[in-house]
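Presented below is the structure to which this report refers.
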Amino acid sequence: FWLKHLFPDSSSSPGSHNIFLPNSHFILPHTFWYITFCLDKHAKMEDHGAETKTWFQDHKRPSPDAPLCFGYDPDTHEYYTDWYTTPEGHYGYDSLEDLDHLYRLVVQSWRLECPLVLLARQAPRYPLFFDIDLTGKPGVSIDEMDELTCRFPDGVLMRSIAASVLELYPQFNNGLEVCVFTSSGFSTREKAPKSSFHLVFPQIIVNRARKCFQEDLDSCENREDPRHLMILYHVVCNLTVGSSYEGSPLAELRETLLRASGAHVAAEENGQTFLSCDWNEMIDDRPVWHEPDPLSASGLRLPYTDKPREGRPLLPAARFRYSNPESEGDEDWPPRYQIDRLADLDPVEWVRQGDISRPLEQVALTSWNKEALHPQAQQELRCPVCKGTE
């Protein structure tokens with residue numbers, strides 16, 4: 001098996017490929033090194049696999065509201081299954097030490113080139129995040145799309161998001177931190193290049209928006225203010241207004257996004273057509289809505305994990321701090337910032353930063369300036385199930 005990896009063009013007949021070539025002094029040592037490497041990796045994988053399977057076996061939870069799950073596989077219409085999964089599909093933990101143990105397993109699986117598939121479901125409170133996706137047309141490079149979205153901290157989209165957040169949280173004008181994760185690559189599901197980023201703001205704690213059950217419309221929690229959803233709509237409203245001014249940086253960005261994505265239809269609802277590069281399609285609100293239905297689990301996958309059959313693990317990109325906006329005038333929006341790159345984190349800490357299921361019930365919601373909220377952002381706050389029925 002391992003020799004076939006080294007000599008893929010060799011005949012299947014024994015002895016038909018002579019590895020004792022004139023440069024065998026080079027080939028043979030590398031052959032033995034490769035076999036030794038594979039044997040060592042195989043041994044590590046066996047030990048790691050047993051430890052991983054034991055963790056999931058020991059942490060099964062019957063509740064569909066459990067903090068971790070494998071997610072519903074749209075291809076099979078069942079929970080995702082793999083070598084480490086169990087039929088229940090939902091998991092929890094008894095202590096933060098248990099959770100840190102899982103983080104280490106997640107990182108090690110990625111290092112062994114077999115990343116797990118695992119979804120973190122929204123805790124009642126968690127750090128503010130945005131899930132940003134742009135699907136491109138054939139022929140557009142991933143690098144080009146990433147440059148249009150979140151690859152560079154001083155890009156128009158990143159500065160617009162930072163400015164929108166700081167309108168609601170002005171206490172962080174002297175230092176708003178963001179952790180950037182990316183899983184950009186070729187999407188096998190959509191058969192197209194895809195720019196994909198998660199932005200996590202660890203200083204800002206928000207509460208979730210939770211859909212109600214169709215059978216019990218009185219269970220809807222969204223008559224309270226689901227702060228995360230309000231902030232997301234505030235960002236989308238600002239992007240929409242900013243791109244409506246001809247010649248503005250956002251208008252030019254939107255035109256470029258139209259060309260890169262091919263402006264294909266991403267969704268149709270109530271007679272409206274939404275393009276893949278529309279702001280409300282790029283900044284996805286589906287991970288923000290907590291799904292009580294166990295077969296419709298939503299959330300964010302953990303860093304260093306993958307989606308089923310995608311081959312695009314979510315990896316840390318960088319950490320940045322935005323501070324000291326240079327201008328707050330409408331004509332200069334979004335403003336320029338002093339942007340500092342922060343030190344990278346230990347892999348386990350990266351997972352911790354990107355885990356929205358981590359319990360924060362004892363942590364207060366971050367105070368905000370609700371008066372600065374875009375007026376239309378509050379009008380959009382309707383549960384998709386009950387439509388805001390009183």
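Points worth noting:
- Here the label points at residue 324 and residue 46, each 7 Å from Cα along the C-beta direction, are separated by 5.9 nm in the simple model.
- Pairs from the list 60/307; 60/211; 53/211; 211/370 with a Cα-Cα gap above 28 Å: 53/211.
- For the range 99-107, Karplus couplings with θ = phi - 60° (6.51, -1.76, 1.60), whole Hz, Gly/Pro x: 5, 5, 4, 4, 4, 5, 5, 4, 5
- Model label sites at residue 252 and residue 60, defined 7 Å from Cα along the beta-carbon direction, differ in position by 5.8 nm.
- Zone residues, the range 157-174, relative to residue 245, backbone N less than 19 Å from point 7 Å out along Cα-to-Cβ: 157-168
- Per residue, the solvent-accessible area of the range 116-184 (1.4 Å probe, heavy atoms of protein chains only, all protein chains present) comes to 29 Å².
- Within the accessible area of the range 55-170 (1.4 Å probe), percent carbon and sulfur: 50 percent
- Amide H to amide H distances under 5 Å link residue 182 with 198, 315, 317, where only residues 5 or more positions off or on other chains count and H is placed in the peptide plane.
The values are calculated or read from the model by the stated rules, or taken from the named source; none is laboratory data. Predicted model only: the values in this text are computed from it and were never measured. Positions of Cβ are backbone-derived with ideal geometry, glycine not excepted, and every protein chain shown enters the neighbour counts. SASA here: full protein model, heavy atoms, side chains in, ligands and nucleic acids out. Shrake-Rupley method; radii C 1.70, N 1.55, O 1.52, S 1.80 Å.
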